[in-house]
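**Student:** This is the structure I want to talk about, given as structure tokens.
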Amino acid sequence: MADTMLHTSDVSMGPPRQGALEKFRADYFGRPSDVILTLGGTALLVYIGWHLFQWAILDAAFSADVGAKACEAKAGACWSVIAARWRLMFFGLYPYEEHWRSGLACAIAIGVGILSCVPYFWTARRLTVTWVLGFAAFVVLMRGGVFGLSEVTEEQWGGLSLTIFIFAAVALIGMPLSILLALMRRSSTPFVSVPVGLLIDTVRSLPLITILFTVAVVVPILVPSWLQGEKLYRVIAGMALFFAAYQAEIIRSGIQSLSSGQDEAGRTLGLTYWQRMIYIVLPQAFRRALPPTINQMVITFKETSLIIIVGLFEFLASGNAAYGSGEWAFAYVEVYVFIAFVYFVFVFSLSRYGAYLERRMRIAQH
Amino acid sequence: MKRDSLVTLLASRHFQAVVAAIVFVVLAVLVYAGQQELMAKGIVSGFDFLWRSTGWDIGFSLIPYSISDPYWKVLLIGLMNTLFLGFAGLALATLVGVLVGVARTSHNPVLNAIGTIYVETFRNVPLILQAFFWYAVYTHLPPPRKAVAFGDMVFLSARGIYLPGFNISNGAIAICALFLVVGIVAALWLIASRRLSGWAEARRLPLAGLALVVAGVAIFLVGEAGRIAGQPVVSMPELRGLNIRGGLRLTSEFAALLTAMSLYGGAYLGEIIRAGFLSIPKGQIEAAKALGFRPWHIFTLVRLPLAIRAILPTLTNQYVWLIKATTLGIAVGFSDFFLVISTSINQSGQTVELLLILMGGFLLINYTISTVMNAINRSIAIRGQGTRK
């Protein structure tokens, strides 16, 4: 009878370990349909990848010395247009000798952006100080007129630096505005909450382009000239309002996701409204609303490109100008691919960062 | 305690009344100043201008139009163009999105990678840049004489894209499209509605089939009635002289916007669909496997129904967003609602009225979409789980 005894060593044996090769086979060629998908998909990727590589690298012209004529004759991409026109695309009509200022200002803005991704800066005070200082440095460098820098007015700003300026200004104005709107919408007096709710919902139901058009084109028709202000700043105000309407709802949902006990505990301790908001509610609400906030930032950065509609010379518009004139007219694909690539670098890294934060917070919750 | 007294002040009724009064006065001054400004420019406010003739032409119209037609007609054409582009874009974007979503949730790593590359490429580049890109590509196509042809049916040329079309009047086609939608919705309702849950499937399926057949007959009759006399039903594009005649012509502007919207929207919708499939609890699928369901049945009876319910609310937002994106028409010169409004403002000066019409139009479109989608959402909600908002 000893043969039929069940040995513990037999039972505790786990399923057979899968080798790397077997796992590969199971993943890629597990079922007959997988064989087709894997082979077909790989063939497609290799085909597209090879043609792209050939077009963008192998057969391409890179140097600015290659003239437009010689460049057009080539089979591949003509990156020479970028080499010849990159200053126009990045700096617009900014005076040539002062381009270093525009470049440095962009570098500072990007630096501030990277710094605000570091958790050390995640207090209201540190973030505000960093952004205001960075923004001030940006404006001083771009505008000049002080510290012996020659003055360059806003009409001459353009290219990527204008895009970054508008984005930074929109975020800097829109963020406090959104907090204000969110708190006002939650106000207990209908005097405040109803009009603000109406404003937020109206703005959210309209496309951004119509708001930009209204502030840029319609306001000069309706408003007396002494009240109009510069077009650039009207556009920034319009975009900030649009951003704030969306961001206010994000913050509001963050606030509503908190348990009411948090606020009530503050009341019991005798804290005033602002003390409760600043020390208890908003920090927690912001923490919960961080991933959608970053998503909103990503969307806003992409939407700065819409201001080309109202005739401001931002990155996309200067790109259009870079190929629009005469000799480089054939190189539109290269210019658009380059602009797309620059946007991609910004947007992709920001959204990856957002995804990383989301993962980190999910772990922290468990 | 200084801070406390400030807070009490801010919270007091009197203070709020004062604030409200100030806001009201400021608004009144702005309105008054605006009226003065308009009067100085010699513009009479009111909606009478809607019956004046415009005197300018429009780039794209689904119904016949001449420059002596009144403003209300031009605005209507703009609204129709927006809806036409919007729904075509939604349909194509949904198609792309389903493909991308399926690829992204596939177990096959290669298919998954293709989906990821697609999403990251198209989602991270601004939509307007993509619209410009496709517009440049389409307007740089060869002239009609040297058009890129696909089997004598599809022609790509700088003057537009030519597809096989119907020799049926536009109005009749619109009614046919309506019948098609109504037929499909009725069939789906007959199959899926809970109100009929007492009916056996054997009774529901023939009824649904009947709905489709009735819709088909109606489409046939309307199409037959709307036929342009003396022409074959299908109109094929063909090269005649220097131009391409016949068929359905999509202008470069329309084609560029449609391409950009479907590729960009498809990337977003694909992500939404993927998230919907990922949100299904593993236990549901394991239970189906334990009951011996086949993979196809697990997909159609368990994963798909659950995923659709998770997807719908987000889908509504994305649809509304995509419809709003048709305002990019102004970037490439497609006569959508917004471009028509802005041209009207330039030409007639009736700023406030036209802005109100613009707001009203978009509120109406957004409201309709979200009402319809919410109704669908409610009707398919699983009992006991409540409607997710």
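We did not get these values from a lab; they are worked out from the coordinates using the rules stated. Predicted model only: the values in this text are computed from it and were never measured. All Cβ positions, even for glycine, are placed from backbone atoms using ideal geometry, and neighbour counts span all protein chains on display.
**Student:** Mind listing the phi-derived Karplus ³J(HN,Hα) values for segment B:254-271, rounded to whole Hz, using 6.51, -1.76 and 1.60 with θ = phi - 60°, and x for any glycine or proline?
**Tutor:** Residue by residue, segment B:254-271 yields 4, 4, 5, 5, 4, 4, 4, 5, 6, 6, 5, x, x, 5, 5, 4, x, 5 Hz.
**Student:** Still on this structure: Rounded, prolate or oblate for chain A? Axes are the square roots of the Cα gyration tensor eigenvalues, ordered a ≥ b ≥ c, and the cut-off for rounded is a/c under 1.5. Mind showing how you got there, number by number?
**Tutor:** On the way: a/c = 2.31, a/b = 1.11, b/c = 2.08.
In terms of gyration-tensor shape, oblate.
**Student:** What shape does the protein assembly as shown take by its C-alpha gyration tensor, where a ≥ b ≥ c are the square roots of the eigenvalues and a/c under 1.5 counts as rounded, a/b above b/c as prolate, and the rest as oblate? All intermediate terms of the calculation are to be shown ahead of the outcome.
**Tutor:** Working: a/c = 1.26, a/b = 1.08, b/c = 1.17.
Rounded is the answer for the protein assembly as shown, as its axis ratio a/c remains below 1.5.
**Student:** Okay, next question. Where the centroid of each part is defined by its Cα atoms, how far is segment B:69-118 from segment A:122-197 in Å?
**Tutor:** Result: 34 Å between the Cα centres.
**Student:** Placing unit charges on C-beta atoms (Lys and Arg positive, Asp and Glu negative, everything else neutral), compute the dipole magnitude of chain A about its Cα centre in debye, rounded to 20. Let's see the in-between values first.
**Tutor:** Details: 27 positive and 23 negative charges, 207 e Å.
Once rounded to the nearest 20, the dipole reads 1000 debye.
**Student:** For chain B, with a Gaussian network of springs between Cα atoms less than 10 Å apart, report the residue from B:I285, B:I365, B:I244 with the top mean-square fluctuation.
**Tutor:** Evaluated over chain B, the most mobile residue of the options is B:I285.
**Student:** 5 Å is the cut-off here: which amide hydrogens, built 1.01 Å from N in the peptide plane, fall below it relative to B:F166, excluding neighbours closer than 5 in sequence?
**Tutor:** B:S235
**Student:** Per-residue HN-Hα couplings for segment A:344-349, Karplus 6.51 cos²θ - 1.76 cosθ + 1.60 at θ = phi - 60°, whole Hz, x for Gly and Pro?
**Tutor:** Per residue, the Karplus-derived 3J(HN,Hα) values read 4, 4, 5, 5, 5, 5 Hz.
**Student:** Additional query: Let me know the mean shielding of A:316-323 by other chains, meaning the per-residue number of their Cβ atoms within 10 Å of its Cβ. Display every interim value, and only then the final one.
**Tutor:** Working: counts 5, 0, 0, 2, 2, 0, 0, 1.
Taking all residues of A:316-323 together, the mean is 1.
**Student:** Is there a quick way to get the dipole size of chain B? I mean about its Cα centre, with the Cβ of Lys and Arg at +1 and of Asp and Glu at -1; what is the value in debye to the nearest 20? Display every interim value, and only then the final one.
**Tutor:** Working: 30 positive and 15 negative charges, 263 e Å.
Using only the charged Cβ atoms, the result is roughly 1260 debye.
**Student:** Taking springs between alpha-carbon atoms closer than 10 angstrom, which of B:Y135, B:Y319, B:Y118 fluctuates most in the Gaussian network model of chain B?
**Tutor:** B:Y118
**Student:** Follow-up. Rounded, prolate or oblate: which fits chain B, taking a ≥ b ≥ c as square roots of the Cα gyration tensor eigenvalues, rounded meaning a/c under 1.5, else prolate when a/b beats b/c?
**Tutor:** Numbers: a/c = 1.71, a/b = 1.10, b/c = 1.56.
Judged from the Cα gyration tensor, chain B comes out oblate (a/c at least 1.5, b/c at or above a/b).
**Student:** Continuing with the same structure: Per-residue mean of other chain beta-carbon atoms within 10 angstrom of the beta-carbon, peptide B:104-114? Mind showing how you got there, number by number?
**Tutor:** Values: counts 0, 0, 3, 6, 12, 7, 12, 5, 2, 3, 7.
Mean partner-chain Cβ count within 10 Å for B:104-114: 5.
**Student:** Just name one of B:S61, B:N170, B:M39: the one whose Cα is farthest towards the positive end of the charge dipole of the protein assembly as shown (beta-carbon charges, Lys/Arg +1, Asp/Glu -1).
**Tutor:** With unit charges placed on the Cβ atoms, the residue in question is B:N170.
**Student:** Still on this structure: Between B:A375 and B:M153, what is the spin-label point distance in nm, taking each point 7 Å from the Cα along the Cα→C-beta axis?
**Tutor:** Distance between label points: 3.6 nm.
**Student:** So which cysteines in the protein assembly as shown don't have a second cysteine's C-beta under 4.7 Å from them?
**Tutor:** A:C106, A:C117, B:C176
**Student:** Would you work out which of A:G145, B:P237, B:N108 lies farthest towards the positive end of the dipole of the protein assembly as shown? Charges go on Cβ: Lys and Arg +1, Asp and Glu -1.
**Tutor:** Value: B:N108.
**Student:** List, in order, the whole-Hz ³J(HN,Hα) value for each residue of segment B:361-367 obtained from phi through the Karplus relation with A = 6.51, B = -1.76, C = 1.60 and θ = phi - 60°; use x for Gly and Pro.
**Tutor:** x, 6, 4, 4, 4, 4, 5
**Student:** OK, next. At a 10 angstrom cut-off on C-beta neighbours, averaged per residue, how do the peptides B:252-259, A:351-358, B:27-34 rank from highest to lowest? List each step's numbers first, then the result.
**Tutor:** On the way: B:252-259: 24.0, A:351-358: 15.4, B:27-34: 12.2.
The most tightly packed comes first, giving B:252-259, A:351-358, B:27-34.
**Student:** Placing +1 on the Cβ of each Lys and Arg and -1 on the Cβ of each Asp and Glu in the protein assembly as shown, which of A:A248, A:A216, A:C78 has its Cα farthest towards the positive end of the resulting dipole?
**Tutor:** A:A248
**Student:** Taking every residue in A:199-211, how many Cβ atoms of other protein chains lie within 10 Å of its Cβ, on average? It would help to have the intermediate numbers written out before the result.
**Tutor:** Numbers: counts 0, 0, 1, 3, 0, 3, 10, 9, 12, 3, 12, 11, 0.
For peptide A:199-211, the averaged partner shielding equals 5.
**Student:** From Cα pairs below 8 angstrom and at least 6 apart in sequence, can you work out the relative contact order of chain B, rounded to a whole percent? Write down the numbers at each step before the final one.
**Tutor:** Working: 476 pairs, mean separation 89.5, N = 389.
Contact order relative to length: 23 percent.
**Student:** Going by average Cβ neighbours within 10 Å, how do the peptides A:43-52, A:23-32 rank, with the highest at the top? All intermediate terms of the calculation are to be shown ahead of the outcome.
**Tutor:** Details: A:43-52: 11.2, A:23-32: 12.8.
My ranking of the peptides, most packed first, is A:23-32, A:43-52.
**Student:** Determine the relative contact order of segment A:80-365: mean sequence separation of Cα pairs under 8 Å and six or more apart, normalised by residue count, in whole percent. Could you put the intermediate results ahead of the total?
**Tutor:** Numbers: 288 pairs, mean separation 68.0, N = 286.
Relative contact order, segment A:80-365: 24 percent.
**Student:** Which residue, B:M236, B:M39, B:M153, has the most motion in a Gaussian network model of chain B that connects Cα atoms within less than 10 Å?
**Tutor:** Comparing B:M236, B:M39, B:M153 in a Gaussian network model of chain B, the most mobile one is B:M39.
**Student:** With an 8 Å cut-off on Cα pairs and a minimum separation of 6 or more residues, tell me the relative contact order of segment A:162-290 in percent.
**Tutor:** Values: 101 pairs, mean separation 40.5, N = 129.
After rounding, I find 31 percent.
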